[in-house]
Structures are given as structure tokens and as C-alpha cells.
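For reference, the structure discussed in these notes is given below.
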Amino acid sequence: MTVSMTTDNAKTRSLARVLAAVLIAATVVGTATGAVRVWTVISDAQRPGPVLFEHGVSGVDFTHVPAGWTNEWCGECHKRDYAQWKGSRHNLSGSNENFEAQILDPKGGRKQWCMNCHVPINPGATVFSTREPEDLDQNYTEHPEWLMNGIDCLTCHVRDGQVLVTHASEEAATAHPIRIAPELGTAEFCGSCHQFDFHDREHPDQFHGPLQQASLEEFLEFRATGELETRCHDCHMPDGDHEMPGGYSLSLLQETFDLALSANWIDDGDAILIEMDLSIGHVGHRVPGGEHFFRFLSLQTVLEDEQGNAIGTGTSTIRPSDIEATLIDQLPHIKTFGHHPALSEFTGLSEEESGMPSPDTRLSPNDTWTARYVVSPDREQSGSTVRIRTELWYHVLDAWNAIKFKLSPDELRWTVLRREAVLTRPSAVD
Ligand code: HEC
Ligand code: HEC
Ligand code: HEC
Ligand code: HEC
Ligand code: HEC
């Protein structure tokens, strides 16, 4: 028997009572101790307790986890969820190289609140959130298990010795104590980690300034476009998929984007008109989603000769205004889509000290971005054939910061789509 719960608390409680009665009736024919245990399970199930995360202000108090409740134990029965979680970014959120480099950074990192979101179950969970986590450097040489687990089964599903579920069933309640937690099924649950702004050094529970991640707000905007029933889960957890793919999933990105490229000679073979359409599929927020400071997309366009050698730009008499196109005067040509907020907005420093903000050039769901470029290939470098190649890249971190954090820039960006057009010069055709 499975009972679906709604987010209405009164209804949840009355359904829980019905469920209790059914379970007790079922267990009376079994053993008496069984009945007592089921009753305890159900009455515990009505005790409220926090499930949502507080944007890093505190971690999860883990002193009440029953002995033996490890992720591996959960995985013995929930093999599929365990395998998917093992392949997820949530599993790596405390231990990946990028996070390690940034949490150990004396300038921007070394804060308890980083840990509270990336590894909510940590020994310093009750420490003031702007303090340096205890034994930080030592933990990154010794790699204790809690650090390597990142955001795990216990983080999202276990409170007060109970397993949090959105659907109660007799089998579930028999396997372990359960508590019905409808909030697990809401966007606010994800948003309690996936949306936050700057924390004050002195007043860590105060948030101020623009959001550094705004997934929930952007999602609510998306939902208002007629997607009232859609949740984060529908796209990121189809059929309960615990891998929860995002920008690290090339296949998700390839399903999401489409790129069309066409190119034609103009100006008697002195210049090329390039037309591009980048279309964005069903995404529940601005694109790319997630972190504003570091994530972005780029379209990289190059010209090559038959052997694959890069060709530079030459001169042409064509004026782009004649054909309403943007002139490419430098190759490779790079167009980026992102939202890098001004540091001044977060730190109170002047714009001169912290750099100007760049405009928000992220894309919107179900949108198509189009461009018309005109480029003149260098006559001497190009033979009779010119290949135009455009690639869509996904960037986890820009090269400048990657190098600053001693990370490999190439490992923090990947090609999502590649399109080519090969043109033979009109003069070479005759
Ligand atoms: C001894 C086997 C066993 C272990 C160990 C176990 N579970 Fe379960 N669990 C079950 C069974 C059986 C069900 C009910 C059938 C189902 O939904 O898979 C269930 C149900 C659930 C559900 C609700 C499923 C739904 O349909 O909504 C969640 C969530 C859950 N378990 C999480 C966990 C977590 C987290 C752990 C580790 C702390 C864990 N389980 C450990 C057997 C187990
Ligand atoms: C980032 C938070 C998070 C983590 C980590 C996580 N879960 Fe879940 N889990 C959820 C959410 C959210 C749901 C779905 C709620 C809904 O839509 O009803 C869910 C659903 C489930 C279900 C029921 C649906 C299904 O897929 O069968 C089981 C069982 C489950 N989780 C087990 C686990 C186990 C075992 C682990 C660790 C290997 C784990 N979860 C880790 C958030 C998490
Ligand atoms: C306890 C905090 C927390 C909760 C709760 C949480 N996340 Fe995350 N999530 C993170 C962190 C931290 C990362 C970054 C991991 C890393 O370092 O790459 C992340 C990464 C992701 C990614 C990026 C994966 C990729 O391929 O880049 C997606 C998508 C995601 N989460 C979706 C969800 C969804 C959907 C939910 C709700 C069902 C959820 N998360 C709940 C903290 C959380
Ligand atoms: C309609 C489907 C859809 C919904 C709803 C949705 N997302 Fe996404 N999300 C995507 C797709 C597709 C991508 C990959 C493209 C991109 O990076 O924007 C993505 C990317 C992400 C990323 C990865 C960004 C990165 O840097 O790796 C995160 C984090 C994320 N989503 C979180 C959320 C959260 C949290 C919610 C709910 C508040 C949510 N998403 C709702 C489809 C969706
Ligand atoms: C409120 C929760 C929260 C806090 C606090 C937080 N993060 Fe994150 N962080 C996230 C989420 C969610 C993502 C995933 C965003 C995405 O995929 O675009 C993320 C992504 C990252 C990444 C990218 C990892 C990767 O996938 O390559 C790094 C690095 C990072 N955070 C470092 C930090 C540091 C350092 C701090 C403290 C100064 C911090 N975070 C504080 C939630 C948080």
C-alpha cells in the first residue's frame, strides 16, 4: 500500500493516522512487539523537525544518527539510488579539486559556511558560520570519510533517527522508522542550498547584496510562465535519478542546446557572412544555471585552411552596416553568456577597486539567440578552401581563476557542440 502525501500538514497528519491504523491492524496478526514498534514509528513520524538547509548558516546536527546508519547501509537495499549518488556532484561536493582549492584559499575561502552547504554533516556544524573550520588543512590531507561523502543520503534523508520520505508505505515503515517530509519534494528544499548571497563577517546570519546563486528565484520566474506544476526534481531527478545531472553532464547539455551554422561568400569572395542560431531547450532558470561568479557559456569561432591551420583576418571593402552584421576583426571570435556580478556589490569596495560588473548576458529557457557576423579571411593564409568552425563551450571556471587556484583550465571547460561549414572561394570554382 502506498499513500501519496500533499504539502498540507493537517492532511498529512490525518493520513498518517489512517496509515497507523492500517499498519497496526496488519501487525496485530503478527507479533505484539511488531505492533508496538510500528506505533512508535508512526507517532515519531508526526514530530516536526527542520529539513530545509539555511543557506549555509548552520550545518546538520548529526549526534542523533542511529549507530550503523551509513550510506553503505542505505545502499544495501537502495542499490540504484546509491550507485547514482556515487556518480553525482553532490557526492563530490566536499572533495572535488575546485572546491578544495577554493575552500583552502586564504582570501575567499576558509569559512565554516562553505562547509555547511558542501558537506553539511561536518564536525564543526555548530561553529559560528564565518569562522575558519577546525582542522581545515589537516582534513584535506587526511580526507576523513565525512568529507569524502559530501552531500549524502544521511544529509538529505535522515533526521532524529528517522528516514524522511515523501511517500509512506508499509514496506518503508517496516524497513526503518520513517517520517513524512513533503518539503523534500519542493523546489524550496533544493533552494535552501542553491540560492544564497553574501554573508557578513560580523553578522553571519545576515544576508545582503545581490544573490550569488539565484536558482530558486529564477525557477519561480520560469514557473510563472505557465509551468505551475514543474519542480526542480522533474528535470534534475527524472524517475528519482540521484545523479541529479547539471553542467557536468555532457549528455544533458547536448540535449538542452542546439546550434545551427551557415556561411556564404560575399563581396566577391573577399568576405564571409556567418549566420548562427543557438537555441535553448526546456530549462527551469536562466542559462547557464547555478553559480554566477564562475559559470558561463562561450561560442568560439575560428577559420582554418584545408590542413587545419588557423587563418587570421584580412581586409575587405565590405561595410557590415550594408548587410546588418557584426564585423569580426579578431580570431578566434569569442562570445560569452554569463552573469558576473561586480565584486563591489558584495564587498562594499568601490568599482575602481573591484572591477566593473559585466552585463547579464545569460540566456532564457526556450529562447533562440541569433547572430550575423561578417569576416574577411587573410588572403595569404587561406588557400582555395576555408573552414568555419564554431564550438559551444561550457565553463565551470574561467582560465584566469583556474590558473590562480592552480587548477587545469582545460579540465574545467568542455565542448558541448561543434559545427563546421566548408567554403571554396568563388574564384577557385571558375
Ligand atoms: C534493509 C533494507 C533497507 C535499508 C538498509 C534502507 N532502506 Fe529505505 N526502504 C527500504 C524498503 C523495503 C522501502 C520501501 C520500498 C521502496 O520504496 O523501495 C524503503 C523506502 C525508503 C524510502 C521511501 C521510498 C519512496 O517510495 O518514497 C526512502 C526515501 C528510503 N527508504 C531511504 C533510505 C535511506 C536514506 C536509508 C539509509 C539511512 C535506507 N532507506 C535504508 C529498505 C531499506
Ligand atoms: C541532495 C539530496 C539527496 C541526496 C543526497 C539523496 N537523496 Fe534520496 N531523495 C531526495 C529527494 C529530493 C527525493 C525525491 C522526493 C520526491 O520527489 O518525492 C529522494 C527520493 C529518494 C527515494 C525514493 C524514490 C526513489 O528514487 O526510489 C529513495 C529510496 C532515496 N531517495 C534514497 C536515497 C539514498 C539511498 C541516498 C544515498 C545513496 C539518497 N537518497 C541521497 C534527495 C536526496
Ligand atoms: C545540502 C545542500 C544541497 C541540497 C539540499 C541540494 N544541493 Fe544540489 N548541489 C549542492 C552543491 C554544494 C553542489 C555543487 C557540487 C560541486 O562541488 O560540484 C550542488 C550541485 C548540484 C547540481 C550541479 C550538477 C552538475 O552536473 O554540475 C545540480 C543540477 C543540483 N545540485 C541539483 C539539486 C537539486 C535538484 C536539489 C533538490 C532536489 C539539490 N541539488 C539539493 C548543494 C545542495
Ligand atoms: C525545466 C527543466 C529544469 C528545471 C525545472 C530546473 N532545471 Fe536546473 N538545469 C536544467 C538544465 C537543462 C540544465 C543544464 C543547462 C544549464 O546549465 O543551465 C540545468 C542546470 C542546473 C544547474 C547546473 C549549473 C552548473 O553550473 O552546473 C544547477 C545547479 C541547477 N540546474 C539547479 C536547479 C534547481 C535548484 C532548480 C529548482 C529550483 C532547477 N535547476 C530547475 C533544467 C532544469
Ligand atoms: C548556500 C550554500 C552554499 C554556500 C554557503 C557555498 N556554496 Fe559553493 N556551491 C553551492 C552550490 C549549490 C554549488 C553548485 C552551483 C553550480 O553547479 O553552478 C556550488 C559550487 C561551488 C563550486 C564549484 C564546484 C565545481 O563544481 O567545480 C566551488 C569551487 C564552490 N562552490 C566553493 C565554495 C566556497 C569556497 C564557499 C565558501 C566561501 C562556498 N562554495 C559556499 C552552494 C554553496
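Condition check: more than 16 Å from ligand 2 (Cβ to nearest atom), within 23 Å of Val422 (Cα to Cα) and free of Cβ contacts under 8 Å to residues at least 12 places away in the same chain. Does Gln307 satisfy that? Talk me through it step by step, then tell me what you get.
Values: more than 16 Å from ligand 2 (Cβ to nearest atom): yes; within 23 Å of Val422 (Cα to Cα): yes; free of Cβ contacts under 8 Å to residues at least 12 places away in the same chain: yes.
When the stated conditions are applied, Gln307 passes them.
Could you list, ordered by first residue, the pairs with Cβ atoms under 9 Å in which the first is in region 162-177 and on the phi > 0 side of the Ramachandran plot and the second is exposed (fewer than 15 other Cβ atoms within 10 Å of the Cβ), at least 6 apart or interchain?
From residues that are on the phi > 0 side of the Ramachandran plot, there are no pairs.
Pairs under 8 Å by beta carbon, first residue under 17 Å from Val283 (Cα atoms) and more than 15 Å from ligand 2 (Cβ to nearest atom) in region 238-250, partner in a loop (DSSP other than H, G, I, E, B) and charged (D, E, K, R), six or more apart or different chains?
As it stands, the answer is Gly247/Arg295; Ser249/Glu243, since those pairs meet every condition given.
Sort out which residues of region 316-341 are farther than 27 Å from Phe296 by Cα and touching an Asp or Glu at 6+ places or on another chain (Cβ under 7 Å), and write them in order of number.
Result: Ser316, Thr317, Ile318.
Matching residues to (1) surrounded by fewer than 16 Cβ atoms within 10 Å (Cβ to Cβ); (2) not hydroxyl-bearing (Ser, Thr, Tyr):
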| site | (1), (2) |
| --- | --- |
| Ser215 | no, no |
| Cys232 | no, yes |
| Asp258 | yes, yes |
| Ser262 | yes, no |
| Ile266 | no, yes |
| Asp277 | yes, yes |
| Pro288 | no, yes |
| Arg295 | no, yes |
| Ile318 | no, yes |
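Checking the condition outside any loop (DSSP other than H, G, I, E, B) and within 14 Å of ligand 3 (Cβ to nearest atom), which residue from Asn122, Asn91 passes?
Answer to the selection: Asn91.
Determine the pairs where a residue that is in contact (Cβ under 8 Å) with a residue 24 or more places away in the chain, located within region 264-283, has a partner that is more than 16 Å from ligand 3 (Cβ to nearest atom) and among the aromatic types (Phe, Trp, Tyr) with Cβ atoms under 7 Å apart, the partner being 6 or more residues away or on another chain.
So the pair list comes out as Ile272/Trp265; Ile274/Tyr373; Leu278/Trp369.
Counting only residues that are of a type in the set (Val, Ile, Thr) and under 22 Å from the mean Cα position of the chain (by Cα), which one in region 79-137 is nearest to Met237 (Cα to Cα)?
From region 79-137, those of a type in the set (Val, Ile, Thr) are 103, 119, 121, 126-127, 130; that's our starting set.
This time we only want the ones that are under 22 Å from the mean Cα position of the chain (by Cα), so: 103, 119, 121.
On the way: Ile103: 28, Val119: 20, Ile121: 22 Å.
Going through the qualifying residues, I end up with Val119.
Values in this text are rule-based calculations from the coordinates and carry no lab data. Model, not experiment: these values are computed from the prediction. Heads up, the Cβs are rebuilt from the backbone with ideal geometry, glycines too, and the neighbour counts pull from every protein chain shown.
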